[in-house]
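Asks: I have a structure here, written as structure tokens, and I will follow up with some questions on it.
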């Protein structure tokens with residue numbers, strides 16, 4: 001009974017702390033055409049938000065998941081964010097094993113290792129994934145052992161498109177990587193074209 005009372009008291013304290021912090025004055029400022037929020041008056045056009053607009057729903061801070069998070073020990077294992085579907089430990093270990101396989105090519109091995117990294121990011125709460133999203137990933141992983149290079153590449157692209165939609169940060173990384181690949185291919189084509197225009201002299205006999 002004492003433990004339940006302590007947990008309830010802590011939960012109430014959390015709710016009051018959130019409410020008290022939100023009662024501070026906040027300004028909505030326009031900077032370079034973008035909206036920014038500050039705890040100080042705006043240097044540019046802006047307005048002070050009424051305190052009542054900043055009050056949170058204290059009941060939300062008393063939800064069971066919030067109380068459990070507050071009472072959880074610091075050494076608690078990393079779990080997926082609420083509403084985020086992610087691979088489990090056993091599946092990630094299997095992905096790591098396949099990602100280190102010497103039977104895969106460089107591109108296929110890199111993709112598998114990227115999927116491991118993305119799975120851990122998901123477990124840490126990054127992105128918003130569904131079970132259907134990871135079904136696409138699993139299909140792409142399985143395709144990396146197919147004989148057709150086009151099939152392997154298409155599967156990787158489908159998975160990357162899925163990750164880009166589920167996780168904006170990962171989407172930015174994928175976009176930068178694809179741009180770098182296109183630029184590298186163009187440079188290689190330009191170098192090949194220059195070599196064809198200026199062939200090396202044939203050795204004389």
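Asks: Residue pairs, Cβ under 6 Å, 6 or more apart or interchain, first in the stretch 165-176 and assigned by TED's automatic domain parsing to the domain that holds residue 127, second assigned to a helix (DSSP H, G or I) and surrounded by 19 or more Cβ atoms within 10 Å (Cβ to Cβ). List them.
Replies: If the second residue must be assigned to a helix (DSSP H, G or I) and surrounded by 19 or more Cβ atoms within 10 Å (Cβ to Cβ), the pairs left are 166/133; 170/163; 174/160.
Asks: For the stretch 142-155, which residues satisfy the criterion of being surrounded by fewer than 21 Cβ atoms within 10 Å (Cβ to Cβ) and part of a helix (DSSP H, G or I)?
Replies: 142, 143, 149, 150, 151, 152, 153, 154
Asks: Taking the condition assigned by TED's automatic domain parsing to the domain that holds residue 181, outside any loop (DSSP other than H, G, I, E, B), at pLDDT 95 or above and surrounded by 13 or more Cβ atoms within 10 Å (Cβ to Cβ), does residue 159 pass?
Replies: Taking the combined requirement at face value, the residue satisfies it.
Asks: Here's another thing I want to ask about it. Any idea which residue in the stretch 87-114 is farthest from the chain's Cα centre (by Cα), counting only those that are over 23 Å from residue 125 (Cα atoms) and surrounded by 16 or more Cβ atoms within 10 Å (Cβ to Cβ)?
Replies: Residue satisfying both the conditions and the ranking: 104.
The values are calculated or read from the model by the stated rules, or taken from the named source; none is laboratory data. Remember, it's a predicted structure, so these values are computed and weren't measured experimentally. Ideal geometry is used to build each Cβ from the backbone, glycine not excepted, and the neighbour counts take in all protein chains shown.
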